[in-house]
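Read-outs throughout are calculated quantities, based only on the coordinates presented, and are distinct from any laboratory measurement. Since the structure is predicted, the reported quantities are computational estimates derived from the model, not experimental observations. A quick note on method: Cβ atoms are made from the backbone with ideal geometry, for glycine too, and the neighbour counts reach across all protein chains shown.
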Amino acid sequence: MSSKHYLQQVTSYMRSKEARGYVKEELQQHLMHSKQAWMNKGWPPKEAEEKAIAEMGSASQLGKSMDRIHRPKWDYWLIGAVLLLVAVSFISILTVDFSQQYGPGMSRYFIEHKFVHMLLGITAIAVLMFFDYRKLQRYSTLIYGIALILLVGICVMPNAAMNGEAMFKIGPLRIQGWTLLPLFVVASAAFFTERKWKGWQLTGLLLLPCFFFMMLPNLVVMLLYLGAVAVMFSMSDFNQNVKRNVFLASGGIGAVLLTFAVYAYHNLLESYQTERISAFIHPELYSDSAGYMMLQLSNALSAAGWFGSKTSNYIPEAHTDYALVQFIQSYGYAAGIAVILVILAITLRMLWIAKTMQYSFGKLLILAAAALYSCQSLYSIFMVFGFLPLTGVPLPFMSYGLMPMLLNALLIGLVLSVYRRKTYSGKSVLSAAHKAS
């Protein structure tokens, strides 16, 4: 039997077309090395090839083992948790009184649009799950360039604004600073994995977006970006001395920026800017201006019991950034805690998937997605409970809006794409087959 015929028999037992090519390539290389070893011992080419094939074992058994190992994987736990959050977001939006803010008859409008957002989000997750995430690594520089051009464009020549934050608006799509985070994350993960840039070049590429993020009023975006980059850097294959020096330097820069922020608060900021900071500390003193929303949220949460409030407090934008508060005052803290646990469980699941993988581009992608998702979730939760300033950070899959849905769908889709192909990452097919048998 020739090696070509043997490999055809092995791959005929595999149902995944993508895995067939991967397994065939690795087995072919192994057969070539084994054949050469037998030829070096004095065996003629034909007999050496037959002995190499005999060492591999039965084609049917090997093919079935490969099929079990490389069958595309579905993370039903992660998919189920995300679908649960999306379903709960419909329940909470039904309790919002839109008439006070938007006029009568608007509930149907928001429910219909929420349904469209849900379909687009689920479609995005499915498309990305079947998409081979490894192709993104090839175009990392292009992805980074596109993201940087869009970010510069938002800072220099935006065509719309919301709550003072510049953006590009194209129909229903709103391209803001935080919507570009996945692009920067994908590029950064590739940069850390390939190590094709020198240290100073990589530093410049990673810090350059921070300059433009600082030009946007929402500095939370920059913190989310830095958090994701810090997680990827801490898990990269740089040596410990480099990591320690970088984190020490970053800490020193952070201390300088904090000192400058205190100075700016007392000497450089305008009165309306300092009022927002003071309103966060003492909202009752600014009940008619910057502290109004914080007081509304506090009143709604204090009136809610374990199973909901008898009277509903009016909350502007209750379906978007403050969806969790609306949900708690409607169904109680018991339901709110359950939702928070599901949100945190999604992060833990992503971290568990990353832990089971060897160092690779895919692993860094999962860690960055977990960092973005968890930081976004935690900030939104602490924000509505009054522990952090109100900056318009949506709660993943709970808050209304097309772009928040697509952003988090992109993160989950990338994680599922990596999980679906996790057996291809840094593992020899022969060692995997040996373990399986």
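Nearest 0.05, what FRET efficiency do Ser234 and Arg134 give at R0 = 30 Å with Cβ-Cβ as r? About 0.85, to the nearest 0.05.
A prolate overall shape is assigned to the chain, the ratio a/c of its alpha-carbon gyration tensor axes (a ≥ b ≥ c) being 1.5 or greater and a/b exceeding b/c.
Peptides 300-306, 365-371 ordered by packing proxy, namely the average of other Cβ atoms within 10 Å per residue, highest first: 365-371, 300-306. Peptides 54-61, 313-320 ranked from most to least packed, by the mean per-residue count of other Cβ atoms within 10 Å: 313-320, 54-61. Helix 361-384 and the longest principal axis of the C-alpha atoms of the chain enclose an angle of approximately 20°. Charge dipole of the chain (Cα centre as origin; +1 on each Lys and Arg Cβ, -1 on each Asp and Glu Cβ, all else neutral): 2040 debye, rounded to the nearest 20.
Across region 179-192, coupling constants 3J(HN,Hα) worked out from phi with the 6.51/-1.76/1.60 Karplus curve, θ = phi - 60°, read 6, 8, 4, x, 5, 5, 5, 4, 5, 5, 4, 5, 4, 5 Hz, and Gly and Pro carry x.
Positive-end ranking of Leu120, Leu62, Phe361 along the dipole of the chain, with charges on Cβ about the Cα centre, is headed by Leu62.
With an a/c value of 1.5 or above and a/b larger than b/c for the gyration tensor axes a ≥ b ≥ c computed over the alpha-carbon atoms, region 3-71 is described as prolate. Taking a point 7 angstrom from the Cα of Leu142 along the C-beta vector, which residues in region 177-199 have backbone N less than 20 Å away? Output list for this probe position: 180-197. Other residues whose C-beta falls under 14 angstrom from the C-beta of Thr179 contribute a net charge of +1, scoring Lys and Arg +1 and Asp and Glu -1. Per residue of the chain, the DSSP helices (runs of n ≥ 4 H) give a summed -39500 (n - 2.57) that works out to -23000 deg cm²/dmol at 222 nm.
What is the calculated FRET efficiency for Tyr314 to Glu284, with r their C-beta to C-beta distance and R₀ = 22 Å, to the nearest 0.05?
After rounding, the FRET efficiency stands at 0.75.
Placing unit charges on the Cβ atoms of the charged side chains and taking the dipole of region 3-71 about its Cα centre, the candidate lying farthest along the positive direction among Ala48, Gln36, Gln9 is Gln9.
Scalar couplings 3J(HN,Hα) for region 20-37, obtained by applying the Karplus form with A = 6.51, B = -1.76, C = 1.60 to θ = phi - 60°, are 4, x, 5, 5, 4, 5, 5, 5, 5, 5, 5, 4, 5, 5, 5, 4, 5, 4 Hz; x denotes Gly and Pro.
If you run the Gaussian network model on the chain, springs between alpha carbon atoms under 10 Å, then out of Lys46, Lys17, Lys114 the most flexible one is Lys46. Cα to Cα, under 19 Å, and not fewer than 8 places away if on the same chain: which lysines meet these conditions relative to Lys363? Excluding near neighbours in sequence, the set is Lys73, Lys135, Lys196, Lys243, Lys355, Lys422, Lys427. Label-to-label distance, Met215 versus Gln101, with points set 7 angstrom from Cα along the beta-carbon direction: 3.1 nm. By the count of other C-beta atoms within 10 Å, a proxy for reagent exposure, Met167, Met129 are ordered fewest to most as Met167, Met129. Rounded to the nearest 20 debye, the dipole magnitude of region 3-71 is 220 debye, with +1 charges on Lys and Arg beta carbons, -1 on Asp and Glu beta carbons, and the Cα centre as origin. Note on region 3-71: Lys pairs 8 or more places apart or on different chains, Cα atoms under 17 Å apart, count 10. For the chain, with the dipole built from +1 on Lys and Arg beta-carbon atoms and -1 on Asp and Glu ones, taken about the Cα centre, which of Met398, Asn239, Gln201 lies farthest toward the positive end? Ranked along the dipole, the leading option is Asn239.
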